[in-house]
1. Taking the stated definitions as given, is A:F366 touching a residue at least 60 places away in the same chain (Cβ under 8 Å), assigned by TED's automatic domain parsing to the domain that holds A:A290, assigned to a strand (DSSP E or B) and surrounded by 24 or more Cβ atoms within 10 Å (Cβ to Cβ)?
2. Hey, among the residues in region A:382-395 that are open to solvent by 30 Å² or more (accessible area, probe 1.4 Å) and within 13 Å of another protein chain (Cβ to nearest Cβ), which one's farthest from A:L412 (Cα to Cα)?
3. From B:A103, B:A188, B:A172, B:A117, which residue is in contact with a His (Cβ under 8 Å, 6 or more places away or on another chain) and either among the hydroxyl-bearing types (S, T, Y) or at pLDDT 95 or above (or both)?
4. Determine which single condition B:A400 fails, assuming it passes every other condition in (1) part of a helix (DSSP H, G or I); (2) out of contact with any Ser or Thr (no Cβ under 7 Å at 6 or more places or on another chain); (3) more than 14 Å from chain A (Cβ to nearest Cβ).
5. Taking the conditions exactly as written (assigned by TED's automatic domain parsing to the domain that holds B:E329 and part of a loop (DSSP other than H, G, I, E, B)), does B:Y453 satisfy them or not?
6. Going through region B:316-333 one residue at a time, which ones are over 22 Å from B:V301 (Cβ atoms) and surrounded by fewer than 24 Cβ atoms within 10 Å (Cβ to Cβ)?
7. Before we move on, is B:L143 touching a helix residue (DSSP H, G or I) at 6+ places or on another chain (Cβ under 8 Å), modelled with pLDDT of 95 or more and not in a loop (DSSP other than H, G, I, E, B)?
8. Condition test on A:D295, is it assigned by TED's automatic domain parsing to the domain that holds A:S419, outside any loop (DSSP other than H, G, I, E, B) and open to solvent by 40 Å² or more (accessible area, probe 1.4 Å)?
Protein chains: 2
Amino acid sequence: MRKTFLSIALLAFGSTGMTYAQTDYQADSIFIRQIFNSALSDGRSYEWLRDLTQKVGPRLSGSEGAAKAVEYTKDAMVNAKFDNVFLQNVMVPHWVRGAKEKAYIVSGKQKINVPIAALGGSVATPKGGTKAKVIEVKNFQELRALGTEKVKGKIVFFNRPMDPTKLNTFEAYGGAVDQRGSGPSEAAKLGAVGAIVRSMTTRLDDIPHTGSMRYASGAPIIPAAAISTNGAELLSKMVKENPDTEIFFEQFSETLSDAPSHNVIGELKGSQNPAQYIVVGGHLDSWDFAQGAHDDGSGCVQAMEAVRLLKDVGYKPKNTLRAVMYMNEENGLKGGVAYADSAKSKNEKHIAAIESDRGGFTPLGFGVVGTAAQKAKIAAWSKLFAAYGIHEIGPGGGGADIGPLAQQGTVLLGLIPDSQRYFDYHHASNDTFDKVSKRELELGGAAMAAMMYLVDKYGVE
Amino acid sequence: MRKTFLSIALLAFGSTGMTYAQTDYQADSIFIRQIFNSALSDGRSYEWLRDLTQKVGPRLSGSEGAAKAVEYTKDAMVNAKFDNVFLQNVMVPHWVRGAKEKAYIVSGKQKINVPIAALGGSVATPKGGTKAKVIEVKNFQELRALGTEKVKGKIVFFNRPMDPTKLNTFEAYGGAVDQRGSGPSEAAKLGAVGAIVRSMTTRLDDIPHTGSMRYASGAPIIPAAAISTNGAELLSKMVKENPDTEIFFEQFSETLSDAPSHNVIGELKGSQNPAQYIVVGGHLDSWDFAQGAHDDGSGCVQAMEAVRLLKDVGYKPKNTLRAVMYMNEENGLKGGVAYADSAKSKNEKHIAAIESDRGGFTPLGFGVVGTAAQKAKIAAWSKLFAAYGIHEIGPGGGGADIGPLAQQGTVLLGLIPDSQRYFDYHHASNDTFDKVSKRELELGGAAMAAMMYLVDKYGVE
């Protein structure tokens, strides 16, 4: 099966005539086995994650939790004896939820409470809440067809579910998340007084999933919240039964002044090219009511672990290896941008950047962004990963935080774990430590270490 | 490159000259997509599993729960409008745990309670419990080297952990489970009065994992229990600190007379060869204190779902398709043996048998037991499964319950899901419904349906 897959990988990327010698394969497979053995028998990532989720807890940009997370991960890398650990200043948006939201559906004499959560970036409702008739739509086309006449004064309810038939749940998310990101302003343009968005999950449950939204310039500013999927099903049913159904919601969120924060960076110095960098990373911030165990505590501890593993199995890198905890992926990406800006201004050549921001699940592949030749070179390493169940190295996204490095030609690699459970927990209060499997988390960190090793040893050109 | 691919594929599986036409590929991939879409958007398996784990609950052979499970799955298949649903009589062992076990470690003035669970098949301790000094060993060689002199009158503590570096956790289990299955009698042969076995899991926690043990003929019968991994770590530490450390345990288990029970079978009649069979199955029994969500409620509902999916997408099978709920896999395999015996006595030709008994996790492959030609034919279907992340179709185990069919030359196929979390829950009280992901479960059922379809359409010769 390994041989078969290698051929498929080369087919997918086109034959380039590049070879990967059998002698290298033998040495590399032994070394990579060491990495995995160390991760699985003596790993640190799980205990780091326990602390980050349970001692530090929620860590939305600008919050006290985020500041604690900066200190915690800095200390962790100092204690793991990285060569150099430092903070990088970054100003971040500072949005706060305030008191817990309230919401209920009113239909005739019925009044039923439903779980909601203000969307990240949303304003509060007017004092005393917002109550209005509900217009349910599945997409913007349907919304616009209704026009101002039918939307004005109403609360627009966006209720298009994530498509459960997509094997890759990120694809299903991508097909639904416009409702959350742009729905509120699209509704406001037609005179809506509020927006309620079905939570972005394929599960049916009572947990609202938040996430960022953006106000379009020029559109009226209206409050917006996510409703749990069970709440959405109920609301839809009640609206169908009685078109005069109303929803009330009250939320207290606000955007404060930008706050100072940090990316956290730990490194192993390169022995040959110390001013050339290979980075692994995750984002340190989470939503405010979430432990952020999968999103993205897992990516952070896996990144620290990838560098630690290479150090502790005795690897001496040619290039400088960095673990980067990016701040503010959730509602601004200021950390990722600041990191790339700093790299540019300091002329730091970044060979490759690897990110884990798809949860701490069993790794199945890497998505690679680069030239055809770079992709082919990386794909030729596939057979080294097949022993670990990692069969899908191919085109695909890197990760939001490393995206800004693309401008300097850095190869971007995104760890691709099994995606089936990710949106059960994404941006929600149930994204807790107990949802992470120690072994699955460890396999991801080891896979990142192995990829970092190969990039360091062979380069990407 | 395509030529290279084909030759490598044939090399890997043995060249047989068999081909799988491109036109078939297109039709089959469309049909298999239908199966997966139906499973993911309109599946039944998750709600069946909810009932089987939460309404029926634990279902050890001979128990009331097992009898309820027989009724439940029979009704489920009748309600799903299978062509024919029937029970197959089977006599099963009837072991009962009795009251909850007690155990504590005594070292000097310290007395610390530890969680244990009687091993399946073990006798009770004498009334009032067993208390003795502890001898820790890692394997039988070490035990035998100690000899009667050092073992007599002691409680032998088997404490070799599952190897965490094995990627396939079943391999790690296979490398440790001799301690549970044969350890008690090995200890008894040297005069031990009891055996305590480290739970078969790579996790460190407070949950004992039971499982069956067998008394060797001629060896004295001594009581045996599993201790939680945290308990094992503590016991080991205390024994090292004080060789006079004792453990007390009391358990109330007993083996009653064999009890009548059933396999449950539902079928879709074949249109061309109704007397030829393709079966999918799981085992209906679980341990007594476990909901048996992954082991093996998942396999049962996936088997029912595989047949239902084919029926509900409108497939008319050539051969008769059966979903079989085998009774008594955990402590006897009487159901699997009875099924094969019945097939033989009725001259029912079984083309292939597919089992799911490795948990309801994301499917990654199938293990195939058959001739080289049969394996090559099945491997040629691999590319149909790749779109669903199923890349590992190769040699490997089928499943315990279908094993007895091998005698009639039936091809055995075992669904291979991701194994990382399986032993977190195996044979333990935390093997509960909430540990199963709806999507992961559904993918497994769809994969089994797809495999059943291909076997039905193309045969295995």
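1. Values: touching a residue at least 60 places away in the same chain (Cβ under 8 Å): yes; assigned by TED's automatic domain parsing to the domain that holds A:A290: yes; assigned to a strand (DSSP E or B): yes; surrounded by 24 or more Cβ atoms within 10 Å (Cβ to Cβ): yes.
Answer is yes for this residue.
2. Step one: of region A:382-395, the residues open to solvent by 30 Å² or more (accessible area, probe 1.4 Å) are A:383, A:387, A:392, A:395.
Among the residues that remain, those that are also within 13 Å of another protein chain (Cβ to nearest Cβ) are: A:383, A:387, A:392.
Numbers: A:K383: 20, A:A387: 23, A:E392: 15 Å.
Only one residue tops the list, namely A:A387.
3. B:A117
4. Only one criterion in (1) part of a helix (DSSP H, G or I); (2) out of contact with any Ser or Thr (no Cβ under 7 Å at 6 or more places or on another chain); (3) more than 14 Å from chain A (Cβ to nearest Cβ) is unmet by B:A400, namely (1).
5. No, not satisfied.
6. Once the filter is applied, which keeps residues that are over 22 Å from B:V301 (Cβ atoms) and surrounded by fewer than 24 Cβ atoms within 10 Å (Cβ to Cβ), region B:316-333 yields B:K316, B:K318, B:G332.
7. Details: touching a helix residue (DSSP H, G or I) at 6+ places or on another chain (Cβ under 8 Å): yes; modelled with pLDDT of 95 or more: yes; not in a loop (DSSP other than H, G, I, E, B): yes.
For B:L143, the condition - touching a helix residue (DSSP H, G or I) at 6+ places or on another chain (Cβ under 8 Å), modelled with pLDDT of 95 or more and not in a loop (DSSP other than H, G, I, E, B) - is met.
8. When the stated conditions are applied, A:D295 does not pass them.
The values are calculated or read from the model by the stated rules, or taken from the named source; none is laboratory data. All values derive from a computational prediction rather than experimental measurement. Cβ sites come from the backbone with ideal geometry, for glycine too, and all protein chains shown count toward neighbours. Side chains are part of the model used for accessible areas, which takes the heavy atoms of the whole protein and leaves out ligands, DNA and RNA. Shrake-Rupley method; radii C 1.70, N 1.55, O 1.52, S 1.80 Å.
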